[in-house]
1. When you go through (1) within 23 Å of D117 (Cα to Cα); (2) assigned to a strand (DSSP E or B); (3) not basic (K, R) one by one for V10, which number turns out not to apply?
2. Tell me the residue from D115, D109 that is within 23 Å of L140 (Cβ to Cβ), among the acidic types (D, E) and surrounded by 15 or more Cβ atoms within 10 Å (Cβ to Cβ), please.
3. Are any of the residues in region 185-197 open to solvent by less than 60 Å² (accessible area, probe 1.4 Å) and on the phi < 0 side of the Ramachandran plot?
4. Within region 27-43, is there a residue that is touching a residue at least 24 places away in the same chain (Cβ under 8 Å), open to solvent by 10 Å² or more (accessible area, probe 1.4 Å), under 28 Å from W85 (Cβ atoms) and touching a strand residue (DSSP E or B) at 6+ places or on another chain (Cβ under 7 Å)?
5. Look at I55 and say whether it is buried (at least 16 other Cβ atoms within 10 Å of the Cβ) and at pLDDT 95 or above.
6. Restricting attention to region 138-155, and to residues there that are touching a Ser or Thr at 6+ places or on another chain (Cβ under 8 Å) and not in a helix (DSSP H, G or I), which single residue is surrounded by the fewest Cβ atoms within 10 Å (Cβ to Cβ)?
7. Answer with yes or no whether K163 is closer than 22 Å to P32 by Cα, surrounded by fewer than 17 Cβ atoms within 10 Å (Cβ to Cβ) and under 17 Å from the mean Cα position of the chain (by Cα).
8. Picking from D117, D191, D181, which residue would you name as being more than 17 Å from A64 (Cα to Cα), free of Cβ contacts under 8 Å to residues at least 40 places away in the same chain and charged (D, E, K, R)?
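The values are calculated or read from the model by the stated rules, or taken from the named source; none is laboratory data. Just so it is clear, the structure is predicted and the values come from calculations on it, not from any experiment. Glycine gets a Cβ as well: all are built from the backbone with ideal geometry, and neighbour counts include every protein chain shown. Please note that ligands, DNA and RNA were not included when accessible areas were found on the heavy atoms of the full protein model with its side chains. Shrake-Rupley method; radii C 1.70, N 1.55, O 1.52, S 1.80 Å.
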Amino acid sequence: DLEYAEGFQVYYYKDGYKMIDIKDDAKFLVVPENQDVPDGAEEDYVILQQPLDHIYLAATSAMALFNAIDSLDNITMTGTQASGWYIENAVKAMDDGKIKFAGKYSEPDYEKIVDGDCKLAVESTMILHSPKVQEMIEDLDIPVFVDYSSYESHPLGRTEWIKVYGAMLNKEKEAEAFFDDQAKVIEDLKDFKNTEK
């Protein structure tokens, strides 16, 4: 159940399969590690085979959500230089060589992404202005997930996209806990009086 987000739904099936439905975009089938892709599923879904442990993250806002569910280890490449991050853990991971710069979203280093055994490219809606790039990544058999959280009208709708990443990485409990904490912060502000100062 979602409280604020309107851009996605996550459906849970038996044996750990999950379907992520992105409004007006793709449907993703998350296939658990060591489980088979159901017959014919490729026709209707983009397949995300777990473990999703080699992610190219070009959607900068999503880094905060991965960080909040302690999943920076799943990101091995990014579209932002270390100097562009305000998230300390992301800077440290890049300084330590755990996350490498693989070209910005509009000019990715395809060779580096392929050599890095990329399992998923997480893009912001900026990729919609570079359809050839998305096409090229998909031609390399790398699924592209576009994060539409910026389209949410409520700030907590944007935050609730953490549940998408929780579903992808089997970190639902962590995602739920983080979201509930953020919702409480907003709830505590409900009687806030605007003094115009």
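1. Every condition holds for V10 apart from (1).
2. Values: D115 fails: surrounded by 15 or more Cβ atoms within 10 Å (Cβ to Cβ).
Exactly one residue qualifies, and that residue is D109.
3. Within region 185-197, not a single residue is open to solvent by less than 60 Å² (accessible area, probe 1.4 Å) and on the phi < 0 side of the Ramachandran plot.
4. Checked against the condition, which is being touching a residue at least 24 places away in the same chain (Cβ under 8 Å), open to solvent by 10 Å² or more (accessible area, probe 1.4 Å), under 28 Å from W85 (Cβ atoms) and touching a strand residue (DSSP E or B) at 6+ places or on another chain (Cβ under 7 Å), region 27-43 yields no hits at all.
5. Answer is yes for this residue.
6. V146
7. It is false that K163 is closer than 22 Å to P32 by Cα, surrounded by fewer than 17 Cβ atoms within 10 Å (Cβ to Cβ) and under 17 Å from the mean Cα position of the chain (by Cα).
8. Numbers: D117 fails: free of Cβ contacts under 8 Å to residues at least 40 places away in the same chain; D181 fails: more than 17 Å from A64 (Cα to Cα).
The match here is D191.
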